[in-house]
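So the structure is just underneath, and the comments pick up after that.
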Amino acid sequence: MEQQKILLVGAGIAGVALARHLDKRNIPFEVIDAGKNHSSRIAAGLINPMVFRRMAKSWRVDEFLPYAKQFYAEATTEWGQTYFHPIPIRRAFAHQQEYDFWVKKQNLEEYQAYLKPLDDSDHKNTSVINTYGTGEVLNAAYISTKQLLDDAFKWLQQTKRLRIEKIQYKDIDPQNATYKGEQFAKIIFCEGYHGLENPWFNYLPLQATKGETITITSEDISNSESLNRKCFTLPVKDTIYRVGATYAWDDPTLHTTEAARSELIGHLQNLSSCNFEVLDQEAGIRPTVLDRRPLLGKHIHFPALSIFNGLGTKGYLMAPLLAKEMTDFILNDKNLDREIDIQRYHKRLL
Ligand SMILES: Cc1cc2nc3c(=O)[nH]c(=O)nc-3n(C[C@H](O)[C@H](O)[C@H](O)COP(=O)(O)OP(=O)(O)OC[C@H]3O[C@@H](n4cnc5c(N)ncnc54)[C@H](O)[C@@H]3O)c2cc1C
C-alpha cells in the first residue's frame, strides 16, 4: 500500500528545511504555500553567533551553527548555488560596558570560536564611528535568502511536491488529517506569522514583529565586514548594501514606513561616516514568541496536527537543526527539547 503523505503548510525557511529532511528519509510529502512570503524572503539572512545586548553566545549556537553550515552546503551540492557566505561582523561597542564584557569573555574557551581577542587594530578601526572601540565576531555568515527560496521552490515544483494556494482552515478536518477530503499522515503548520490565525494553535503566544530594511548604494563603506551597532550593514553586490532592521510590535501591515526609513538612516549615520543613497526599502513580519523560543510540537487534542513556528529573528541559523529535531519527533517519537516543545503552553488549553 502506498505510504500516506505528510502535508506541510508553508514554504518559508521552516517548511523548506522540513521538506529537505523528509526527502532525505524518503518520506512522501507535499508542500502547500500561498505564494506570498513576507519573512524568509525579506530576511537579510545574517547568522550572528552573538547576542550583543548581553554580550553572550546565541542560544544553542554551538549546535545550530555547524549543522546549518552542513545543511546549506548540501543544498549547494544539489542545486549548484552557494547560499552560505562567511563574513565577519564588526561590532562597534555601544558603551564602555560592552567593551569590558568583551574583554572578560574573549579568552574564555566557550567564546574563542566567536570573539576575536581585541588588539590595537580593533581600537583604531576607522570603518565605523568608533568611541568605545570595536571587536570582530568570528564564524558569522549570511545566507542568500531569495536565491535559496527560489531554488527550493524549483526543486519542489520539479518533483511535483508543491501546490501554490492559500489553505482555508475550514477545508481541514483536524481529527482525520484531511485537506479538501484528501487524507494525509500528518499536517505540519509552518506558517510563520500567519500562524496567529490558525484555529488549532492560536492559543500559543506567537507575535507578529514587523521588520524593515533599506537597500543603499555607497562607494566608501566597508565591504569586507558586516558593521553593527543599532543597525547592521550587509554587502550585497558591488556598491549595494542592505541595512537593517527595525522592530515594531504594533503594526501588522506590510507597508514600508517613513519612520523606519528615518530610523535606519539615523542609525547608519551614527555607525559610519560613509556617503550613501537609499535605493529601496522592504518590510516583512517575523514570527516571534514571548519567551524567545521556537514553537514545535503536536496539538494536544489533534495529534495529527503539528506546528513548526516561532523562529523569530534567527530562522536561518536555527531552522536546519530544528527541522531535524522535528522530523525525529514526528517520525520516531523522539522527545523535543523542553524549551521548544509547545507542551510548555498546554495549560493554556486545559
Ligand atoms: C526585516 C527582517 C529581517 C530579518 N533578518 C533576519 C536575519 O538576518 N537572519 C535570520 O536568520 N532571520 C532574519 N529574519 C527572520 C526570519 O525571516 C524568520 O526567522 C524566518 O523567515 C521565519 O520563517 P518561517 O518559515 O517560519 O515563516 P515565513 O517565512 O513567514 O513562511 C511562512 C510561509 O507560510 C505560508 N503560509 C502561511 N499561511 C498559509 C496558508 N494558510 N496556506 C498556505 N500557505 C501559508 C506563507 O505564504 C509563507 O510563505 C528577518 C525577518 C525580517 C522581517
Using the 2.2 N^0.38 Å rule of thumb for compact globular proteins, work out how the range 1-107 stacks up: its C-alpha Rg over that value, please.
1.44
How long, wide and thick is the range 207-289, going by the Cα atoms along their three principal axes, in whole angstroms, largest first?
37, 23, 23
Hey, got the Cα dimensions of the range 55-134 along the principal axes, in Å, largest first?
46, 27, 18
If you take every DSSP beta bridge fully contained in the chain, what fraction is antiparallel? Give it as a percent rounded to 5.
70
Can you work out the FRET efficiency for the pair residue 346 and residue 121, with r the C-beta to C-beta distance and R0 = 45 Å, to the nearest 0.05?
0.30
If one compares the long axis through the Cα atoms of helix 258-271 with the longest principal axis of the Cα atoms of the chain, the angle in degrees, nearest 10, works out at 40
With R₀ set to 56 angstrom, the calculated FRET efficiency between the beta-carbons of residue 106 and residue 165, to the nearest 0.05, is 0.65
Please list, in order along the range 208-214, the HN-Hα scalar couplings obtained from phi with the Karplus expression 6.51 cos²θ - 1.76 cosθ + 1.60 (θ = phi - 60°), rounded to whole Hz, x for Gly and Pro.
9, 10, 5, x, 10, 10, 10
Using amide H atoms built 1.01 Å from N in the peptide plane, name the residues 5+ places from residue 47, or on other chains, whose amide H lies under 5 Å from its own.
141, 142, 143
Spelling out what I want: for every residue of the range 43-49, take phi, set θ = phi - 60°, compute 6.51 cos²θ - 1.76 cosθ + 1.60 (Karplus), and round to whole Hz; glycine and proline get x.
4, 5, x, 5, 10, 10, x
Would you mind computing, in nm to one decimal, how far apart the modelled labels at residue 182 and residue 249 are, each placed 7 Å from Cα along Cα→Cβ?
3.9
Can you tell me the 0 to 90 degree angle between the C-alpha axis of helix 315-332 and the longest principal axis of the chain, rounded to 10?
30
Against the longest principal axis of the chain, how steep is helix 13-24, in degrees 0 to 90 to the nearest 10, with axes from Cα atoms?
60
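How charged is the neighbourhood of residue 278? Take every other residue with its Cβ under 13 Å from the Cβ of residue 278, and add Lys/Arg as +1 and Asp/Glu as -1.
-4
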Can you tell me which aspartates and glutamates have their Cα less than 18 Å from the Cα of residue 298? Leave out same-chain residues fewer than eight positions away.
173, 191, 197, 325, 328, 333, 337, 339, 341
What ³J(HN,Hα) values, in whole Hz, does the Karplus curve 6.51 cos²θ - 1.76 cosθ + 1.60 give for the range 78-88 when θ = phi - 60°, with x put for Gly and Pro?
7, 10, x, 10, 8, 10, 9, 10, x, 8, x
Taking 37 °C and 0.692 mPa s as the conditions, I'd like the Stokes-Einstein D for the range 88-235 in µm²/s, using the Kirkwood hydrodynamic radius from alpha carbon pairs.
164
Between the range 264-292 and the range 81-134, the alpha-carbon center distance in angstrom
20
I need to check one value: relative contact order of the range 44-138, counting alpha carbon pairs closer than 8 Å and at least 6 residues apart, in percent.
29
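In cubic angstrom, how much convex hull volume per residue do the alpha carbon atoms of the chain span? Mind dumping the intermediate values first?
Details: hull volume 51.0 nm³, N = 350.
Hull volume over Cα atoms, normalised by residue count, gives 146 Å³.
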Could I have the simple spin-label model distance between residue 334 and residue 150, label points 7 Å from Cα toward Cβ, reported in nm to one decimal?
3.4
To the nearest 0.05, how large is the calculated FRET efficiency for residue 132 and residue 74 if R₀ is 45 Å and r is the Cβ-Cβ distance?
0.65
Given the rule -39500 (n - 2.57) for each run of at least 4 DSSP H residues, summed and divided by the residues of the chain, what is its mean residue ellipticity at 222 nm, to the nearest 500 deg cm²/dmol?
-8500 deg cm²/dmol
Alpha carbon Rg of the range 110-168, scaled by the compact-globule rule 2.2 N^0.38 Å
2.06
For the range 185-248 and the range 1-49, compute the distance between their C-alpha centroids and round to whole Å.
18
Residues of type lysines that residue 116 reaches as a straight line, Cα spacing below 28 Å, ignoring anything fewer than 8 places off in the same chain:
57, 69, 104, 105, 124, 230, 237, 314
Going from the fewest other Cβ atoms within 10 Å to the most, one would list 191, 282 as 282, 191
Which of the lysines could a cross-linker span from residue 5 if the Cα-Cα distance has to be under 16 Å and same-chain partners fewer than 8 positions apart are dropped?
24, 160, 180, 186
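The numbers here are math on the coordinates, done by the rules we state, and not lab data. As the structure is a prediction and not an experimental result, all values here were calculated from the model. As a convention, Cβ positions derive from the backbone with ideal geometry for all residues, glycine included, and neighbour counts pool all protein chains shown.
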